[in-house]
1. Neighbouring Cβ atoms within 10 Å as the yardstick, rank K224, K64 fewest first.
2. Kindly rank 169-177, 154-162 from highest to lowest mean number of other beta carbons found within 10 Å of each residue.
3. Compute the Cα gyration tensor for the stretch 17-58, then decide on rounded, prolate or oblate, letting a ≥ b ≥ c be the square roots of its eigenvalues: rounded whenever a/c is under 1.5, prolate when a/b is larger than b/c in the other cases, and oblate in all that remain.
4. Looking at this model, which pairs from K5/K126; K41/K183; K41/K126 are more than 32 angstrom apart at the alpha-carbon?
5. Would you mind counting up the charge near E238? Only other residues with Cβ under 11 Å from its Cβ, with Lys and Arg at +1 and Asp and Glu at -1.
6. May I ask for the net charge around T87, where only other residues with Cβ less than 15 Å from the Cβ of T87 are counted and Lys, Arg are +1 while Asp, Glu are -1?
7. In what sequence do E234, E3, E111 fall when counting other Cβ within 10 Å, fewest first?
8. With angles folded into 0 to 90 degrees, how steeply does helix 138-150 sit against the dominant principal axis of the chain? Use alpha carbons for both and round to 10.
Amino acid sequence: MIELKGISKVYPDGTEALREVSFDMSQGRSCSIIGPSGCGKTTLLFILSGILKPSKGKAMIEGKEVVSPSKEVALILQDYGLFPWKTVYENVALGLEIRSHSVKSRISKKERKRIVLSLLQDLGLKGFENHYPKQLSGGMQQRIGFARALALNPKILLMDEPLSSLDALTRETLQNFLLALWKNNRMTMLLVTHNIEEAVFLGEKIIVLSSRPGSVVKIIENHKVGDDNYRNTEDFLEKCRAVRRSIEGGVT
């Protein structure tokens, strides 16, 4: 489904963000990417989403090289990406409205409303349709971001530290939500995070990157992902220790 072949990225100012990054993941799998600050994790997501082009190597999705953004891929950013002047309903419906202008992807107003209201119900946002983002908590704002991405029914969900600004309890609640979303929908999910426990709880495969320029230090298989009680097991703690050792080994 996703394959990265020798991805390197050097920015115009000479900053080398990534060096020879290669890994793959199958359709319907979940993957966490973790490493020190500035190691190119976000750059990697932007390349996969088609926003950036690599300086070297290829990013492939379903056997095709990524050269531009795709409607099959949704990207959720750390700052939620919400428009403060739009209501909850309008923010969630935005992508659908944009897509409805395409002849090939035209979606009726009635169908857009059905999709948005169903997602708001599923994400615990029913009754807040006419509220504005500033009136809601950080956790609720992040759920709006998730709803907007999910409204487009993507095959691949890319997330750039989507929970990093939340308090511990809200963060854990949304981690549980993401786990349930992945188990129920089996969409391909790629998460960038600085949090070791989050990487282990949500990633079937954990990609550990070195300090900049980011390169793959280790790929850790994490087959017990999917158990709601995983956090409370010795296996979880041992996997966290393994990830921590790999990160420390890749810092220079």
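We did not get these values from a lab; they are worked out from the coordinates using the rules stated. Everything quoted here is computed from the prediction, not taken from an experiment. Backbone-built Cβ (ideal geometry, glycine too); neighbour counts: all protein chains shown.
1. Values: K224 13, K64 10.
Ranked by crowding around the Cβ, least crowded first: K64, K224.
2. Working: 169-177: 16.7, 154-162: 21.4.
Top to bottom by mean Cβ count within 10 Å: 154-162, 169-177.
3. On the way: a/c = 1.65, a/b = 1.21, b/c = 1.37.
Note, shape of the stretch 17-58 comes out oblate.
4. Too far apart for the 32 Å limit: K5/K126; K41/K126.
5. Numbers: positive: K224, K239, R241, R244, R245; negative: E234, D235.
The answer is +3.
6. Numbers: positive: K86, R112, K113, K126, K134, R143, R148; negative: E90, E97, E129.
Taking every other residue near T87 into account, the sum is +4.
7. On the way: E234 7, E3 16, E111 12.
With the fewest neighbours first, E234, E3, E111 line up as E234, E111, E3.
8. The answer is roughly 90 degrees.
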